[in-house]
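Notes follow once the structure below has been shown.
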């Protein structure tokens, strides 16, 4: 019996005001596809091909920003 582990696609980086664990809900991405870091300087050794999700200014459209990030990733591949 093998256990399927979902591939991590997003790197959620929090800051001193916003916890990284809140970002999947705001961006509308699955929680199990995320890796969480409290601060940007925490290392991620095993993969560098993440879509990086960060807190945005108050009133920002997180869904629109996610579309922009996905498009940028496609253009740079």
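The selection criterion, being modelled with pLDDT under 90, exposed (fewer than 13 other Cβ atoms within 10 Å of the Cβ) and more than 24 Å from residue 76 (Cβ to Cβ), holds for residue 39.
Scan the stretch 21-44 for residues that are part of a helix (DSSP H, G or I) and over 10 Å from the mean Cα position of the chain (by Cα) and jot them down.
22, 25, 26, 32
Applying the selection to the stretch 43-71, what residues are modelled with pLDDT under 90 and either surrounded by fewer than 11 Cβ atoms within 10 Å (Cβ to Cβ) or more than 12 Å from residue 11 (Cα to Cα) (or both)? 43, 45, 46, 48, 49 - these are the residues of the stretch 43-71 that are modelled with pLDDT under 90 and either surrounded by fewer than 11 Cβ atoms within 10 Å (Cβ to Cβ) or more than 12 Å from residue 11 (Cα to Cα) (or both).
In the stretch 11-23, the count of residues that are over 20 Å from residue 60 (Cα atoms) and either modelled with pLDDT under 95 or surrounded by 13 or more Cβ atoms within 10 Å (Cβ to Cβ) (or both) is zero.
The values are calculated or read from the model by the stated rules, or taken from the named source; none is laboratory data. Fair warning: this is a prediction, and the values are worked out from it, not measured in the lab. Don't worry about glycine lacking a Cβ; one is built from the backbone with ideal geometry, like all the others, and counts go over all protein chains shown.
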